[in-house]
Amino acid sequence: MTTISNLSVAIFLLSVVSVTQICWATLPAPAFPVPDDTLQWLVPHNIARQQTFTGEPPLVWNETVAEFARKYAQERSVDCKLVHSHVQGLGENLAMSTRDLSPTKAVEMWVGEKPDYDVVNNNCKKMCGHYTQVVWTGTRSVGCAKVRCQNGGTFIGCNYYPPGNVIGFRPF
Ligand SMILES: *[C@@H]1O[C@H](CO)[C@@H](O)[C@H](O)[C@H]1NC(C)=O
């Protein structure tokens, strides 16, 4: 029998740093209206943005970006691997759990890196790239998706436009 540690749910996070911003190819207009569940993504993002020193403007839902996030999450549902899409022109925060994971919880974990962000020196003590993307002042819109994977896990991805974590700049 395999040994399973007390921590039955493993959760992993991955954020991406945009070194350059490259033009984003225009995707076709969304074929369906904004789903009702956008608030479960937007609310935790916008609370965190409001709670920076300077108070960042709230994000709006971006259906074009959400379509991308859904497509990529669907792709990842076969292996649930925490790997970036390498999409150009969008920021990306990912989360993966071996069990179920709610959108609110995923965003809360990203925001949980806040104590690791050193505002004075603009660097991370440990990991804070998810947090800085969430609160990045120049980012104005977000689109996210959640899928259950074939292995029973959960893959969550949020993409951001314009992208944050631009090297050499401060989040706010
Ligand atoms: C949504 O994102 C696209 C890039 O994917 C961008 O061209 C568009 O302006 C954005 N819309 C909003 C409302 O931010």
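Dipole magnitude for segment 50-137: computed about the Cα centre from +1 point charges on Lys and Arg Cβ and -1 point charges on Asp and Glu Cβ, it is near 200 debye.
Peptide packing for 88-98, 105-115 was compared via the average number of neighbouring C-beta atoms within 10 Å per residue; ordered from the highest value, the list is 88-98, 105-115.
Between residue 102 and residue 167, what is 0.36 nm times their sequence separation minus the Cα-Cα distance? Round to one decimal in nm.
Values: separation 65, 0.36 × 65 = 23.40 nm, distance 3.01 nm.
Residue separation times 0.36 nm, minus the Cα-Cα distance, leaves 20.4 nm.
Note on segment 64-172: dipole from Cβ charges, positive end direction compared against 90, 127, 158; the farthest Cα belongs to 158. Amide H contacts for residue 149 (H built 1.01 Å from N in the peptide plane; partners 5 or more residues away or on another chain; cut-off under 5 Å): 154, 155. Working note: Karplus 6.51/-1.76/1.60 with θ = phi - 60° gives segment 161-172 the couplings 9, x, x, x, 6, 7, 4, x, 10, 8, x, 7 Hz, where Gly and Pro are set to x.
Among the chymotrypsin sites (Phe, Trp or Tyr not before Pro) in segment 45-79, those located in a DSSP loop and surrounded by at most 16 other Cβ atoms within 10 Å of their own Cβ are 53.
All of the numbers you see were taken from the coordinates with simple rules; none came from a lab. Everything quoted here is computed from the prediction, not taken from an experiment. Glycine gets a Cβ as well: all are built from the backbone with ideal geometry, and neighbour counts include every protein chain shown.
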